[in-house]
Amino acid sequence: MDIKDDLPVKTLGSVAELKFQYEALRRGLQVSVPITDNLKYDVIIANDRGKVFRVQIKSCQNVEKKHLQNYRFNTSSGATGKLKYSVEDVDIFALYIFPLDLFYFIPIKQITGISTRVNPADKNHRYEIYRDFWRTFA
């Protein structure tokens, strides 16, 4: 997805959230968005069987400088970015890579730290099985 380079971080996050909502609706999923942004999740998704998922959406626009194939996401919350999410907060992280127009849907139980790296170029990467895996919500 082409996007202006100098957009504020909060705006980029909003664009990623809207992209996720659009893609979910396009696939026949029900989308609910909280009125406020003080919850641990960004969106609630419900499938046609009534199963509900709390989704936290994170986005990234650039590869890491040290690791040219890695995209790093802050999978933490709070002003300091050091509060780890828990299974009581979120079910799935939707990690969106702007330049590749690509999502990873990683269950919270698979997230081990306050940041998470994905490497789309490495087909053996530990999170590769979650790449554009919309069936997560089936």
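Can you work out which of the residues in region 11-50 that are more than 15 Å from the chain's Cα centre (by Cα) and in contact (Cβ under 8 Å) with a residue 24 or more places away in the chain is surrounded by the most Cβ atoms within 10 Å (Cβ to Cβ)?
Filtering region 11-50 for residues that are more than 15 Å from the chain's Cα centre (by Cα) and in contact (Cβ under 8 Å) with a residue 24 or more places away in the chain, the one surrounded by the most Cβ atoms within 10 Å (Cβ to Cβ) comes out as LEU29.
Which ones in region 96-138 are among the charged types (D, E, K, R) and in contact (Cβ under 8 Å) with a residue 24 or more places away in the chain?
Within region 96-138, ASP101, ARG117, ASP122, ARG131, ASP132 qualify.
Considering each of PHE93, PHE105, PHE137, PHE73 in turn, give the residue that is crowded, with 17+ Cβ neighbours inside 10 Å and touching a helix residue (DSSP H, G or I) at 6+ places or on another chain (Cβ under 6 Å).
Going through PHE93, PHE105, PHE137, PHE73 in turn, just one is crowded, with 17+ Cβ neighbours inside 10 Å and touching a helix residue (DSSP H, G or I) at 6+ places or on another chain (Cβ under 6 Å): PHE105.
Condition check ((1) out of contact with any helix residue (DSSP H, G or I) (no Cβ under 6 Å at 6 or more places or on another chain); (2) more than 19 Å from TYR104 (Cα to Cα)) across all residues:
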{"site": "THR11", "(1), (2)": "yes, yes"}
{"site": "GLU17", "(1), (2)": "yes, no"}
{"site": "PHE20", "(1), (2)": "yes, no"}
{"site": "ALA24", "(1), (2)": "yes, no"}
{"site": "VAL31", "(1), (2)": "no, no"}
{"site": "ASN38", "(1), (2)": "yes, yes"}
{"site": "GLN56", "(1), (2)": "yes, no"}
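Counting only residues that are assigned to a loop (DSSP other than H, G, I, E, B) and among the polar types (S, T, N, Q), how many does region 40-65 have?
Residues meeting the conditions: 3.
Can you tell me which residue is modelled with the lowest pLDDT among those in region 66-112 that are assigned to a loop (DSSP other than H, G, I, E, B) and β-branched (Val, Ile, Thr)?
Going through the qualifying residues, I end up with THR80.
Inside region 21-59, can you point out the residues that are closer than 25 Å to THR116 by Cβ and charged (D, E, K, R)?
Matches in region 21-59: GLU23, ARG27, ASP37, LYS40, ASP42, LYS51, ARG54, LYS58.
Taking the criterion of being within 20 Å of VAL9 (Cβ to Cβ) and among the aliphatic types (A, V, I, L, M), would at least one residue in region 106-119 satisfy it?
So far as region 106-119 goes, yes, one or more of its residues are within 20 Å of VAL9 (Cβ to Cβ) and among the aliphatic types (A, V, I, L, M).
Give the residue that is modelled with the highest pLDDT, with candidates limited to residues of region 1-10 that are surrounded by fewer than 12 Cβ atoms within 10 Å (Cβ to Cβ) and not charged (D, E, K, R).
VAL9
The values are calculated or read from the model by the stated rules, or taken from the named source; none is laboratory data. If you're wondering where the values come from, they're calculated on a predicted model, not measured in any experiment. Note that each Cβ is placed from the backbone with ideal geometry, even for glycine, and that neighbours are counted across all protein chains shown.
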